[in-house]
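Peer 1: Sharing a structure with you now.
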Amino acid sequence: MKGILILAHGSREKETELTLAQITKMAKEKLEDVMIETAYLQFSDVNLEKGLDKLIAKNVTEIKVIPYFLFSGVHIREDIPKEIEEYLVNKPNVKITMGNTLGADSRLADILVDRISEALC
């Protein structure tokens, strides 16, 4: 079975977890048949390992980690792949791969235009 782990950076400000919960709920409503969990790289009890564990507990064996990050910085290139590699050491029946960051996407530009327009009003 396949599943998705949406991985955000995390923040000391715990209300930021509400934002990810809201956006994940919206995604789940559009992808009703997809098993989706969330986790945070830092500053949360729901870390990468616990997020992966949640999916595996639901019999998911093929996981795609979707980073809820704008850019492909050191966390994306080094930190997350290293944590995944360490996680997989004793899990030969589980496959975990990384998806893309949010990156340069015209849909994000549309949101930025909306925010700029709001600011100019």
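The values are calculated or read from the model by the stated rules, or taken from the named source; none is laboratory data. The model shown is predicted, which means the values in this text are computed figures rather than measured ones. Because the Cβ atoms are built from the backbone with ideal geometry, glycine has one as well, and the counts that use them run over all protein chains shown.
Peer 1: Tell me whether segment 4-25 contains one or more residues that are farther than 30 Å from LEU112 by Cα and without any contact (Cβ under 8 Å) to a residue 40 or more places away in the chain.
Peer 2: Of all residues in segment 4-25, those farther than 30 Å from LEU112 by Cα come to none.
No.
Peer 1: Just to be sure, is LYS54 of a type in the set (D, E, K, R), surrounded by 15 or more Cβ atoms within 10 Å (Cβ to Cβ) and assigned to a helix (DSSP H, G or I)? Talk me through it step by step, then tell me what you get.
Peer 2: Numbers: of a type in the set (D, E, K, R): yes; surrounded by 15 or more Cβ atoms within 10 Å (Cβ to Cβ): yes; assigned to a helix (DSSP H, G or I): yes.
Judged against the criteria, LYS54 is a match.
Peer 1: Does segment 76-90 include one or more residues that are surrounded by 12 or more Cβ atoms within 10 Å (Cβ to Cβ), of a type outside the set (A, V, I, L, M), at pLDDT 95 or above and not in a helix (DSSP H, G or I)? Write out each step before concluding.
Peer 2: Taking segment 76-90 as the starting set, the residues that turn out to be surrounded by 12 or more Cβ atoms within 10 Å (Cβ to Cβ) are 76, 79-81, 83-84, 87-88.
So of that shortlist, the ones also of a type outside the set (A, V, I, L, M) come out as 79, 81, 83, 87.
Within this subset, residues satisfying the condition of being at pLDDT 95 or above are 79, 81, 83, 87.
Narrowing the set further to residues that are not in a helix (DSSP H, G or I) leaves none.
Within segment 76-90, none of the residues are surrounded by 12 or more Cβ atoms within 10 Å (Cβ to Cβ), of a type outside the set (A, V, I, L, M), at pLDDT 95 or above and not in a helix (DSSP H, G or I).
Peer 1: Something else: Being among the β-branched types (Val, Ile, Thr), assigned to a helix (DSSP H, G or I), over 14 Å from the mean Cα position of the chain (by Cα) and surrounded by 13 or more Cβ atoms within 10 Å (Cβ to Cβ), is that true of even one residue in segment 7-25?
Peer 2: As a first pass, look at segment 7-25 and keep what is among the β-branched types (Val, Ile, Thr): 16, 19, 23-24.
Pick out the ones that are also assigned to a helix (DSSP H, G or I) and you get 16, 19, 23-24.
From the residues that got through so far, the ones that are over 14 Å from the mean Cα position of the chain (by Cα) too are none.
No: segment 7-25 contains no residue that is among the β-branched types (Val, Ile, Thr), assigned to a helix (DSSP H, G or I), over 14 Å from the mean Cα position of the chain (by Cα) and surrounded by 13 or more Cβ atoms within 10 Å (Cβ to Cβ).
Peer 1: While we're on this one: Of the residues VAL46, VAL60, VAL94, which single one is aliphatic (A, V, I, L, M), over 24 Å from LEU108 (Cα atoms), modelled with pLDDT of 95 or more and under 12 Å from the mean Cα position of the chain (by Cα)?
Peer 2: On the way: VAL60 fails: under 12 Å from the mean Cα position of the chain (by Cα); VAL94 fails: under 12 Å from the mean Cα position of the chain (by Cα).
Result: VAL46 is the single residue among VAL46, VAL60, VAL94 that is aliphatic (A, V, I, L, M), over 24 Å from LEU108 (Cα atoms), modelled with pLDDT of 95 or more and under 12 Å from the mean Cα position of the chain (by Cα).
Peer 1: When segment 67-92 is examined, which residues are found to be touching a residue at least 12 places away in the same chain (Cβ under 8 Å) and over 17 Å from LEU5 (Cβ atoms)? It would help to see each step written out before you state the result.
Peer 2: Our first condition is that a residue be touching a residue at least 12 places away in the same chain (Cβ under 8 Å); within segment 67-92, this holds for 67-72, 75-76, 79-81, 83-84, 87, 91.
Result: LEU70, PHE71, SER72.
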